[in-house]
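The values are calculated or read from the model by the stated rules, or taken from the named source; none is laboratory data. What you are looking at is a predicted structure, and each value in this text was computed from that prediction instead of being measured. Every residue, glycine among them, receives a Cβ derived from its backbone with ideal geometry; neighbour counts consider all protein chains shown.
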Amino acid sequence: MVINWLQVLMNSLVWGCMYLLVAVGLSLTYGLSRFPNFAHAEYVTFGAYMAYMFFSILGLDLYLSVGLAVLSSALLGGLSYVLLFKPLKSRGASLIHLMVASIGLGLLIRHTLMQVFGGGILSFKMIWPCISIGPVVTTPLLLTAIATALIVATLLHILLMKTKLGKAIRATADNPELAAASGIDMDRVSLFTWLLGAALAGFSGVFLAMRSSLVPLLGWKVLLQAFAITLLGGIGSFYGTLAASFILSLSENLGVVALTWLGLSADYRSAVAFIVLVSTLIIKPEGLISTVKRRA
Amino acid sequence: MPDPLMYALDAVAYAGIFGMLSLSLNLEYGYTNLANFGKVAFFMVGAYVAAVMARMKYPFAVYALVAALVAGFIGLLTSLPALRLREDFLAITMIALGEVMKLIVKNEEWLAGGVWGLSGIPPAVVVQGLSFRERLLVQIALIYGCLVACYVVCELIAKSPYGRVLKTIREDELLAAAYGKNVFRYKACTFALGSAVSGLAGALFAQYMGTVSPYMFEPTVTFSVWMMVILGGPANNTGAVLGAFLVEGFHRSSRLLKDYIGLPLDPINLQVMLTALLVITVVFYRPQGLLKERITPLDRGLLKKLKPMYRRVKTWVRS
């Protein structure tokens with residue numbers, strides 16, 4: 001069997017960019033609010049459905065619909081923080097209660113979407129021409145996705161490293177008490193992070209849905225990968241997430257090659273994420289770049 | 001015309017099976033603070049082991065035992081990496097395990113029938129010449145026999161010194177460790193036991209349904225079980241069973257609501273949306289559940305004795 005290794009690398013790059021957009025928000029909110037938000041998957045789905053609504057149902061301009069979709073996704077993330085998680089935390093809810101509430105919220109969002117848009121498969125009805133660059137085949141959509149992810153990564157780097165807000169985010173994730181004592185407005189920083197994380201998740205949802213199709217489980221299907229990346233990269237660490245996204249997508253794509261070679265179903269690709277997740281917990285539970293204390 | 005009595009009896013049987021799941025989660029979460037968000041994985045493993053073995057004509061006692069053992073073993077194995085870490089790591093691992101397990105049964109057609117599942121599973125107890133209703137009553141007797149056995153075991157564990165160690169771990173791991181208890185081993189054993197009980201519930205489910213398919217084991221099952229424990233009252237076995245009845249009743253009535261009032265909503269969507277809203281409300285306003293944890297006089301005496309010791313240990317550890 002001949003394997004087109006360049007294509008494998010290209011696929012890893014594309015998926016790494018997708019995963020980065022999903023996982024960055026998860027990792028930042030996890031680091032800041034100290035609990036894994038299982039509803040994060042539904043921000044991905046929500047963004048995709050909103051883009052579908054604006055573009056295919058209301059017939060708006062493509063760029064405008066994507067922009068509106070990202071905004072509504074951010075709004076959903078912000079609302080879920082302000083209306084659910086912040087009050088729960090201030091009531092002193094335990095970590096497990098926060099996780100249960102986030103799963104509940106996720107199901108609520110997913111099934112509301114299913115009620116409104118139906119549970120079936122929807123499509124943006126767009127046809128992308130194939131572009132061949134040497135032995136690699138790709139589409140303009142995927143190239144746009146890569147460019148977007150790289151721009152977002154650069155902007156995030158500038159935000160987190162150069163601006164006051166970014167420093168406040170990192171400080172709060174590092175040590176909330178010290179950050180509060182230094183006069184950082186924690187509510188504002190948290191709210192901003194939740195808005196940003198959900199917006200990026202919604203953005204990735206649009207790409208994921210345009211690449212194949214729009215289903216209610218769109219976000220749930222990448223949640224496992226997002227968690228593997230978050231834990232591998234180190235919770236709350238942007239650079240860790242950046243590296244882990246590409247590590248995971250590369251191992252997944254190599255995993256698919258290995259699976260085909262072994263004669264197993266390529267569906268097992270998400271099992272690669274599970275293996276990465278469990279190995280991280282065994283070998284380096286604090287992740288590649290650690291910011292938050294792991295042990296109880 | 002559907003038979004309302006059959007519908008009610010079916011609900012009772014379901015509540016019994018879910019009562020066992022709820023009891024097992026209560027053991028893990030209520031007493032030991034272990035966040036098992038992959039309950040459905042162990043339930044599914046139990047159901048599939050039972051389905052495969054029942055089709056090979058093994059007796060119920062044998063396959064139920066094997067189902068429990070296999071589920072317990074997988075629980076032990078997969079929880080080990082996360083048990084030393086914070087609760088959220090176990091939660092993430094388990095939710096991922098649920099997905100991976102479903103992936104395996106969907107893809108291994110030779111073993112588990114793939115997306116079509118396995119059908120033609122014979123019921124555990126076959127009595128000749130019974131009507132459909134009477135056969136359902138036999139099923140209910142079997143399920144409730146197992147439920148009562150599980151309840152007794154869970155109550156015995158909760159009241160035993162072992163159960164008190166579990167509660168101590170829940171309240172303060174450091175304290176339990178300071179008393180020379182191997183916290184890690186207690187957690188692992190509890191997790192394995194909880195998974196084994198879920199496996200047994202899965203075996204009962206498989207022979208009751210007569211068919212298993214991957215679509216019966218969605219993550220919403222796990223969520224329902226969590227809802228049962230949180231609503232009923234964590235660390236209270238009666239509460240866990242009560243929660244199972246309430247949630248099952250709630251599910252059924254939301255389906256009836258749809259049929260009789262004719263709401264323009266899909267029944268599954270309505271059911272999940274209402275369940276999710278209810279769980280968020282309970283976590284918000286009554287996190288201790290309907291039935292609170294009962295603190296027995298012995299425990300109260302123990303607490304009084306423990307408090308000064310606990311303070312001494314804490315100052316000792318800090319110094």
Checklist entry - For the stretch B:242-252, does any single residue satisfy the condition of being buried (at least 24 other Cβ atoms within 10 Å of the Cβ), small (Gly, Ala, Ser) and more than 13 Å from chain A (Cβ to nearest Cβ)? => result yes
Next on the checklist: Filter the stretch B:232-254 down to the residues that are within 27 Å of B:THR168 (Cβ to Cβ) and either modelled with pLDDT under 90 or not in a helix (DSSP H, G or I) (or both) and list them by number.
Outcome noted: B:GLY232, B:GLY233, B:PRO234, B:ALA235, B:ASN236
Checklist entry - What tally of residues in the stretch A:84-142 results from selecting those that are assigned to a loop (DSSP other than H, G, I, E, B), away from chain B (no Cβ under 14 Å) and in contact with a helix residue (DSSP H, G or I) (Cβ under 9 Å, 6 or more places away or on another chain)? => result 9
Checklist outcome for this item: Residues in the stretch A:241-257 that are more than 14 Å from chain B (Cβ to nearest Cβ) and either more than 16 Å from the chain's Cα centre (by Cα) or surrounded by fewer than 17 Cβ atoms within 10 Å (Cβ to Cβ) (or both) total 5
Item to check | the stretch A:57-80: number of residues that are within 14 Å of chain B (Cβ to nearest Cβ) and crowded, with 18+ Cβ neighbours inside 10 Å | outcome: 1
Checklist entry - Out of all the residues in the stretch B:174-186, which are under 24 Å from the mean Cα position of the chain (by Cα) and either within 12 Å of chain A (Cβ to nearest Cβ) or touching a residue at least 60 places away in the same chain (Cβ under 8 Å) (or both)? => result B:VAL183, B:PHE184, B:TYR186
Checklist outcome for this item: Of the candidates A:ILE229, A:ILE282, the one satisfying the condition of being surrounded by fewer than 17 Cβ atoms within 10 Å (Cβ to Cβ) and within 14 Å of chain B (Cβ to nearest Cβ) is A:ILE282
Checklist entry - Tally time: how many residues in the stretch B:187-225 are under 24 Å from B:LEU77 (Cα atoms) and either within 14 Å of chain A (Cβ to nearest Cβ) or charged (D, E, K, R) (or both)? => result 9
Item to check | Yes/no for A:THR260 being touching a residue at least 60 places away in the same chain (Cβ under 8 Å), within 14 Å of chain B (Cβ to nearest Cβ), in a helix (DSSP H, G or I) and surrounded by fewer than 24 Cβ atoms within 10 Å (Cβ to Cβ) | outcome: yes
Next on the checklist: Can you go through B:PHE89, B:PHE132 and tell me which one is aromatic (Phe, Trp, Tyr) and crowded, with 17+ Cβ neighbours inside 10 Å?
Outcome noted: B:PHE89
Item to check | Scope the stretch B:19-40; condition over 12 Å from B:VAL225 (Cβ atoms), at the interface with another protein chain (Cβ under 10 Å from one of its Cβ atoms) and buried (at least 24 other Cβ atoms within 10 Å of the Cβ); matching residues | outcome: B:LEU34, B:ALA35
Checklist entry - Pick from the stretch A:185-206 the residues that are under 23 Å from A:ILE146 (Cα atoms) and surrounded by fewer than 24 Cβ atoms within 10 Å (Cβ to Cβ): which of them is nearest to the chain's Cα centre (by Cα)? => result A:LEU196
Item to check | Matching residues, the stretch B:226-241, being within 13 Å of chain A (Cβ to nearest Cβ) and over 13 Å from the mean Cα position of the chain (by Cα) | outcome: B:LEU231, B:ALA235
Next on the checklist: Tell me the residue from B:VAL127, B:VAL115, B:VAL183 that is farther than 23 Å from B:ALA11 by Cα, at pLDDT below 90 and aliphatic (A, V, I, L, M), please.
Outcome noted: B:VAL115
Checklist entry - What is the residue count in the stretch B:201-216 for residues that are within 14 Å of B:LEU21 (Cβ to Cβ) and surrounded by fewer than 24 Cβ atoms within 10 Å (Cβ to Cβ)? => result 2
Checklist entry - Any idea which residue in the stretch A:263-274 is farthest from A:ILE229 (Cα to Cα), counting only those that are in a helix (DSSP H, G or I) and within 9 Å of chain B (Cβ to nearest Cβ)? => result A:ASP267
Checklist entry - Got at least one residue in the stretch B:115-123 being without any contact (Cβ under 8 Å) to a residue 60 or more places away in the chain, part of a helix (DSSP H, G or I) and not small (Gly, Ala, Ser)? => result no
Next on the checklist: Report every pair of residues separated by at least 6 positions or lying on different chains whose Cβ atoms are under 8 Å apart, first residue within the stretch B:218-229 and at positive phi, second among the basic types (Lys, Arg) and assigned to a helix (DSSP H, G or I).
Outcome noted: none
Checklist entry - Can you tell me which residue in the stretch B:64-101 is farthest from the other protein chains (Cβ to nearest Cβ), limited to those that are farther than 27 Å from A:ARG269 by Cβ and not in a helix (DSSP H, G or I)? => result B:ARG84
Checklist outcome for this item: Those residues of the stretch B:270-319 which are small (Gly, Ala, Ser) and either over 30 Å from B:LYS258 (Cα atoms) or modelled with pLDDT of 85 or more (or both) amount to B:ALA276, B:GLY301, B:SER319
